[in-house]
Amino acid sequence: MIPFDYIRAESSAAAATEGCRPETQFIAGGTNLLDLMKLQIVTPARLVDVTRLDLGGVEETADGGLRIGALVRNSDLAADPRVRRDYAVLSRALLAGASGQLRNMATTGGNLLQRTRCPYFYDTAQACNKRQPGTGCAAIGGVTRNHAIFGASEHCIATHPSDMAVALRALDAAVEVETPDGARRLIPMAEFHCLPGDTPQIETALAPGDLITAVLLPPPLRGSHIYRKVRDRASYAFALVSVAAVVRIEAGSFAEVALAFGGVAHKPWRDAAVEAALVGRPADRAGFDAAADLLLAEARGQGGNEFKIPLLRRTLVAVLTEAAKGQMQ
Ligand code: SF4
């Protein structure tokens, strides 16, 4: 590992100020960053440890939602009774991610910032525009089993690995940030992660020094909360495809639908047209197939990941079928 300076932040304002300095990164659970540093994929000159800051705890908000501190551990968030009862899709997504040991260390803020698991990103002998802008993308024309079918560019076809973020996208969460000038701002999950375009090294809407302080959930959505993740083995594996769904069915028809998809794009993927097409439609196989047709019309395979297109179709149909069965019994 390349030597670095270590600074323990005593306040979020001090952390944000330190975070503005060049070649500086925040560290909390470190479950991804330390691996990246050991492999010299990232080589920060300074680490600002934010783990002593008062950013833990899950609180109810005045509008009936939840405020989740950025340092809440993934395992604690998954086990929170309010999350299990009112935001079950989030609890299930968290429990589908990583391993028990990693969930005990990983934080809410850090989970959002984890880096892609594209194998070429982790191999410094390979061209990678995300690791070293302008060098090319070894994945294009290479092994693409885990890569994107939506929103990719000629510069990067990587996917975002987080399960938690997919559920947060379906729940219309927002990320609360403290800026170096002491202001707080909210970034909707829809805007938090970026598509690669011609700058795949830019992954989020955060500016230098911006410190994630919390994630805000709006009041709960009624209906079936489902997180279905398809992966190469039953645990400790990233999603090939995943679906986070909150679906309410009334009198046999879709009344409210929120769907987000993981393992398929550079960010949690959501398609408003698919949800709009389902609302008001009978919850039957014809409706499920029509939604999948609409969703997948823009999907593009990259060779080895073309199997994801029919796999995502089957997974979406299975999720909608499960929601319909659960609410029409
Ligand atoms: Fe790098 Fe993105 Fe290409 Fe992977 S897909 S090699 S992360 S540029």
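Things worth noting here:
- The set of residues in region 128-159 being within 7 Å of the ligand (Cβ to nearest atom) and either part of a loop (DSSP other than H, G, I, E, B) or in contact with a helix residue (DSSP H, G or I) (Cβ under 7 Å, 6 or more places away or on another chain) (or both) consists of N129, K130, R131, A138, A139, I140, H147, H155, C156, I157, A158.
- Residues within region 205-252 that are in contact with a Pro (Cβ under 6 Å, 6 or more places away or on another chain) and open to solvent by 30 Å² or more (accessible area, probe 1.4 Å), tallied: 1
- Residue in region 304-318 that is of a type in the set (D, E, K, R), under 29 Å from R85 (Cα atoms) and touching a strand residue (DSSP E or B) at 6+ places or on another chain (Cβ under 8 Å) present: no
- Of all the numbered requirements in (1) touching a strand residue (DSSP E or B) at 6+ places or on another chain (Cβ under 7 Å); (2) within 16 Å of the ligand (Cβ to nearest atom), R169 misses one, and that requirement is (2).
- Candidates R270, R313, filtered to the one that is basic (K, R) and over 16 Å from A170 (Cα atoms): R313
- R184 falls short on exactly one of the conditions (1) open to solvent by 50 Å² or more (accessible area, probe 1.4 Å); (2) within 12 Å of the ligand (Cβ to nearest atom), and that condition is (2).
- Qualifying position, being under 18 Å from the mean Cα position of the chain (by Cα), of a type outside the set (A, V, I, L, M, F, W, C) and not assigned by the TED database to the domain that holds A28, among E176, E256, E275, E250: E176
- Test: residue in region 164-175 that is open to solvent by 10 Å² or more (accessible area, probe 1.4 Å) and part of a strand (DSSP E or B): yes
- Considering the conditions (1) open to solvent by 10 Å² or more (accessible area, probe 1.4 Å); (2) in contact (Cβ under 8 Å) with a residue 12 or more places away in the chain; (3) more than 18 Å from the chain's Cα centre (by Cα); (4) near the ligand (Cβ under 8 Å from one of its atoms), T124 is excluded by exactly one of them, (4).
- Residue check: G262 meets all listed conditions (1) closer than 30 Å to E10 by Cβ; (2) within 20 Å of the chain's Cα centre (by Cα); (3) not hydroxyl-bearing (S, T, Y) but one, namely (1).
- Of M105, M189, all but one fail to be in contact with a Lys or Arg (Cβ under 8 Å, 6 or more places away or on another chain), open to solvent by less than 10 Å² (accessible area, probe 1.4 Å) and among the aliphatic types (A, V, I, L, M); the exception is M189.
- Among the residues of region 135-163, those identified as hydroxyl-bearing (S, T, Y) and surrounded by 20 or more Cβ atoms within 10 Å (Cβ to Cβ) are T144, T159, S162.
The values are calculated or read from the model by the stated rules, or taken from the named source; none is laboratory data. The structure presented is a predicted model; accordingly, all values stated were derived computationally and were not measured. When we count neighbours, we look across all protein chains shown, and the Cβ atoms used for this are built from the backbone with ideal geometry, even at glycine. The area values use the complete protein model at the heavy-atom level, side chains included, leaving out ligands, DNA and RNA. Shrake-Rupley method; radii C 1.70, N 1.55, O 1.52, S 1.80 Å.
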